[in-house]
Amino acid sequence: MKILLTGAAGFIGSHCTENLLGGGHVVIGVDNFDPFYDRRSKEANLRTARDSSGFTFIEADIRDRQAVGEIYRKHGPFDAVLHLAAKAGVRASILDPLGCEAANVAGTLNLLQQSVEGGGNKVPRFVFGSSSSVYGNNTKVPFSEEDPVDNPISPYAATKKAGELLCHVYHHLYGLPVFCLRFFTVYGPRQRPDLAIHKFARNILAGESIEMFGTGGNSRDYTYIDDIVAGVSKSLQRCEGFEIINLGSTRPIPLSEMIETVARSCGREAIVKRLPMQPGDVDRTFADVGKAGRLLDYAPTMPFAEGVQRFVQWLREAR
């Protein structure tokens, strides 16, 4: 397959790129190197992919209609679009809600429109990277795709829900096959530096304190990157109709346990500074992956402690 992959220089995007290239696919990778974190980290993410003859990289912004149109005309037709580009992060979205909306809503709409236009551009499948953030503070657990998600508590969550709605519109109007994948707190080598496991490990290794927001009882369904990549790969092969699918680990980890696990992997004690919960943070995430199992043969396998150990090993080498 020839696949257009947005967000190719990011954490999840770079892993998916390498997986697809390893499977013999052609990947047209797009990224705008958003300054949310250091460009050098994203360039490092692309190092392996750039060595492949099946990879073409284009520095472009998905909000730029002219640039996206040129990509479709020059490099298409595509067998699939894997849309992972986004302004990510709950707290970042509270600080810059307009930028979050522009990238995550207008950018997604731009790609959907290009994907259904004529002239050889129409694509047969579209896979959209959504987020468990859309569930907000739902009290029913585990979170099912059938649960209502009408009460987001951050701009980021609202933009991801809007992206899912736009995907449904384009499926309804134009028959575009779409899978919306709700990722649950992905971690592993190359994880974004603003995310908790990365930030905590970095501080612990440096002998610095870490900030724990809340009592430590709030929990996340941490999902290792290899399990996510497996689900994405199957989605690209099997995308038909319109589906929303959870990709998680099915085992929520309390924040206090996560900190203990990271500290143990670092071989040092964590110096914890306790702070109140931050606006926009949800109490828990917990994925029901029954649908992913049925549609994608999805079965997460990475134990949390081993996944954290692999991440810390990568971080030591990267440092």
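The values are calculated or read from the model by the stated rules, or taken from the named source; none is laboratory data. Remember, it's a predicted structure, so these values are computed and weren't measured experimentally. Cβ placement follows ideal geometry from the backbone for every residue including glycine, while neighbour counts extend to all protein chains displayed.
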- Query: Taking only pairs six or more apart or across chains, which ones have beta-carbon atoms under 7 Å, a first residue in segment 45-58 that is farther than 13 Å from L20 by Cα and modelled with pLDDT of 95 or more, and a second residue that is of a type outside the set (G, A, S) and in a loop (DSSP other than H, G, I, E, B)?
  - Reply: N45/R190; F57/L46
- Query: Looking at segment 129-152, which of its residues are crowded, with 18+ Cβ neighbours inside 10 Å and either aliphatic (A, V, I, L, M) or in contact with a Leu (Cβ under 7 Å, 6 or more places away or on another chain) (or both)?
  - Reply: G129, S130, V134, V149
- Quick one: count up the residues across segment 264-317 that are among the basic types (K, R) and in contact with a Cys (Cβ under 9 Å, 6 or more places away or on another chain). 1
- Note on the structure: Scanning segment 296-319 for residues that are surrounded by fewer than 12 Cβ atoms within 10 Å (Cβ to Cβ) and touching an Asp or Glu at 6+ places or on another chain (Cβ under 7 Å) gives T301
- Task: Could you tell me which residue of segment 58-99 is nearest to T6 (Cα to Cα), considering only residues that are among the basic types (K, R) and over 16 Å from the mean Cα position of the chain (by Cα)?
- Result: R63
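Kindly indicate whether L21 is within 18 Å of the chain's Cα centre (by Cα) and either more than 20 Å from G231 (Cα to Cα) or of a type in the set (A, V, I, L, M, F, W, C) (or both).
Numbers: within 18 Å of the chain's Cα centre (by Cα): no; either more than 20 Å from G231 (Cα to Cα) or of a type in the set (A, V, I, L, M, F, W, C) (or both): yes.
No.
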- Residue list for segment 284-319, filter: modelled with pLDDT of 95 or more, within 21 Å of E260 (Cα to Cα) and of a type in the set (D, E, K, R): E306, R310, R316
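May I ask you to say which residue of T108, T48 is of a type outside the set (A, V, I, L, M) and in contact with a Gly (Cβ under 6 Å, 6 or more places away or on another chain)? Spell out how you get there, then give the answer.
Values: T48 fails: in contact with a Gly (Cβ under 6 Å, 6 or more places away or on another chain).
Selected residue: T108, the only one of T108, T48 that is of a type outside the set (A, V, I, L, M) and in contact with a Gly (Cβ under 6 Å, 6 or more places away or on another chain).
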- Task: Examine segment 21-37 for a residue that is buried (at least 17 other Cβ atoms within 10 Å of the Cβ), acidic (D, E) and either in contact with an Asp or Glu (Cβ under 9 Å, 6 or more places away or on another chain) or free of Cβ contacts under 8 Å to residues at least 60 places away in the same chain (or both), and state whether such a residue exists.
- Result: yes
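Here is a yes/no grid of residues against (1) modelled with pLDDT of 95 or more; (2) assigned to a loop (DSSP other than H, G, I, E, B):
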position	(1), (2)
P193	no, yes
A201	yes, no
E208	yes, yes
M212	no, no
G217	no, yes
A230	yes, no
S233	yes, no
I244	yes, no
T250	no, yes
- Subset tally (residues that are touching a strand residue (DSSP E or B) at 6+ places or on another chain (Cβ under 6 Å), among the hydrophobic types (A, V, I, L, M, F, W, C) and surrounded by fewer than 18 Cβ atoms within 10 Å (Cβ to Cβ)) for segment 204-248: 1
- Message: So, in segment 264-295, how many residues would count as being out of contact with any strand residue (DSSP E or B) (no Cβ under 7 Å at 6 or more places or on another chain), crowded, with 18+ Cβ neighbours inside 10 Å and not in a loop (DSSP other than H, G, I, E, B)?
- Response: 2
- Note on the structure: Checked S130, S93, S144 against criteria (hydroxyl-bearing (S, T, Y) and farther than 30 Å from G175 by Cβ); the one match is S93
- Message: When you check N121 against the structure, is it under 21 Å from F242 (Cβ atoms) and at pLDDT below 95, yes or no?
- Response: yes
